[in-house]
Amino acid sequence: MQRFRLGSVTDVFSPDAGAAAVEMRKLGLQGAELRAINGRNVLEAGREELDGALAAIRENKLEVVAIATPLLKCSLEEWKTQSRRAERAFDIANLAGARIVRVFSGLRTAEPDAVFERIVDVLQDLADKAGRRGLVIGLENDRACNISTAQELASMLAAIDHSNLQVVWDPASAYISGEKPFPSGYRMLPTQRIALVHAKDCTLEGHKPVWEPLGEGDIDWQGQIDALAEDGYNGYILLQTFWTGIRDCVGNLKRLVESSAL
């Protein structure tokens with residue numbers, strides 16, 4: 001029996017969310033993280049564009065799992081301006097029936113520890129506001145941002161004990177940032193606060209990622225998926241691959257999950 005629901009960030013398939021939904025359904029995926037509509041981030045879309053994209057996703061029997069925003073993928077100095085877009089993200093999530101709004105932690109500074117408390121304040125505020133809208137903030141670890149590893153995620157979760165702040169766990173980003181994502185990185189994270197898992201794979205040439213088909217790079221995806229199952233995770237695993245052979249990645253993800261269920 002499949003323990004996990006599988007899906008993808010929409011523009012992995014196409015910048016057109018409707019075209020992406022058709023391909024995702026054909027491949028047997030169940031969920032969509034909506035990031036782009038007609039080649040622009042979802043926050044830039046007009047109501048007509050949004051309605052059309054959501055209709056196409058629903059017609060293809062996909063659940064809108066999350067809204068993939070660029071919130072906090074900016075300098076912390078720019079956040080005062082960008083913060084106005086948070087309510088826009090919450091509106092779109094409510095319209096789409098999505099529970100999760102994906103955010104980041106500010107573009108990485110030379111000394112991330114020095115801005116830790118500022119990030120805590122921003123994320124605490126976002127979690128409070130999301131909670132009032134029935135939503136969850138999904139903080140993704142990203143190699144370009146102040147929170148890039150499981151260790152940094154764990155520190156932020158410890159600082160903000162808030163049910164409306166959870167994480168989007170990206171093992172490949174942690175790996176590129178110099179951490180061994182599994183088992184050591186993953187074991188730092190409380191499973192009950194993992195909202196989503198993003199799946200992609202790579203090797204490294206120096207510090208530069210070389211993207212590979214899922215399960216064929218350096219990330220121990222079989223071990224990671226087995227551990228998620230053992231720990232009771234029952235959320236989505238969403239493809240966010242940069243490998244051009246997306247159908248291969250879907251097939252590999254299904255095989256990894258099926259192997260875990262044996």
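The values are calculated or read from the model by the stated rules, or taken from the named source; none is laboratory data. None of the values given here were measured: they were computed from a predicted structure. Cβ: placed from backbone, ideal geometry, glycine included. Neighbour counts: every protein chain shown. With ligands, DNA and RNA removed, areas are computed over all heavy atoms of the protein, side chains included. Shrake-Rupley method; radii C 1.70, N 1.55, O 1.52, S 1.80 Å.
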Projected onto the charge dipole of the chain (unit charges on the beta-carbon of Lys, Arg, Asp and Glu, signs +1, +1, -1, -1), the Cα from PRO112, LEU189, GLY206 with the largest positive-side position is that of LEU189
Ranked highest first by average number of other Cβ atoms within 10 Å, how do 75-82, 236-243 line up? 236-243, 75-82
How big is the antiparallel share of DSSP beta bridges in the chain, given as a percent to the nearest 5? 20 percent
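Report in % the part of the accessible area of the chain that belongs to carbon and sulfur, leaving out ligands and nucleic acids; probe 1.4 Å.
Details: 5230 of 11170 Å².
It is 47 percent, rounded to a whole number.
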Using only C-alpha positions, report the orientation-averaged shadow area of the convex hull of segment 1-144, nm², one decimal. 9.4 nm²
Just read off the accessible area of LYS26 with the full protein assembly in place, 1.4 Å probe, to the nearest 10 Å². 130 Å²
Classify segment 137-262: rounded, prolate or oblate, from the alpha-carbon gyration tensor (a ≥ b ≥ c, eigenvalue square roots; a/c under 1.5 rounded; otherwise prolate if a/b is larger than b/c)? oblate
With springs connecting C-alpha atoms under 10 Å apart, model the chain as a Gaussian network and identify which of GLU230, GLU212, GLU152 has the largest mean-square fluctuation. GLU230
Filtered pair list for the chain (Lys only, Cα < 26 Å, 8 or more apart or interchain) has a length of 15
Is there a quick way to get the dipole size of the chain? I mean about its Cα centre, with the Cβ of Lys and Arg at +1 and of Asp and Glu at -1; what is the value in debye to the nearest 20? 620 debye
Between PHE242 and GLN192, what is the label-point separation in nm under the 7 Å Cα-to-beta-carbon projection? 3.6 nm
Send over a whole-number figure in Å² for the accessible area per residue of the chain, probe 1.4 Å. 43 Å²
Computed over the chain, the Cα gyration tensor eigenvalues, each multiplied by 5 and square-rooted, give semi-axes in Å (largest first) of 25, 24, 17
Mean Kyte hydropathy of -1.0 or more with a Cα span along the axis of at least 15 Å, helices from DSSP in the chain: 47-59, 85-96, 116-132, 246-261
Lys/Arg Cβ at +1, Asp/Glu Cβ at -1, dipole of the chain taken about the Cα centre: which of MET156, ASN60, PRO171 is farthest positive-ward? ASN60
Using Cα centres only, tell me the gap between segment 188-209 and segment 100-134 in whole Å. 19 Å
If I model a spin label as a point 7 Å beyond the Cα along the Cα-Cβ vector, how far apart are those points for ALA158 and ARG133 in nm? 3.1 nm
Between VAL12, VAL168, VAL210, find the one with the highest GNM mean-square fluctuation for the chain; connect C-alpha pairs within less than 10 Å. VAL210
Inter-part distance where segment 1-57 and segment 234-262 are each reduced to a Cα centre, Å: 17 Å
Other residues with Cβ under 13 Å from the Cβ of PHE116 give, with Lys and Arg +1 and Asp and Glu -1, a net charge of -3
Computed, not fitted: 222 nm per-residue ellipticity of the chain from DSSP H runs ≥ 4 (each -39500 (n - 2.57)), nearest 500, equal to -11500 deg cm²/dmol
Which of SER105, SER173, SER163 ends up with the largest GNM mean-square fluctuation for the chain, with Cα atoms connected below 10 Å? SER163
Taking amide hydrogens as modeled 1.01 Å from N in the peptide plane, which residues meet the under 5 Å criterion relative to GLU63, leaving out close sequence neighbours? GLY31, ALA32
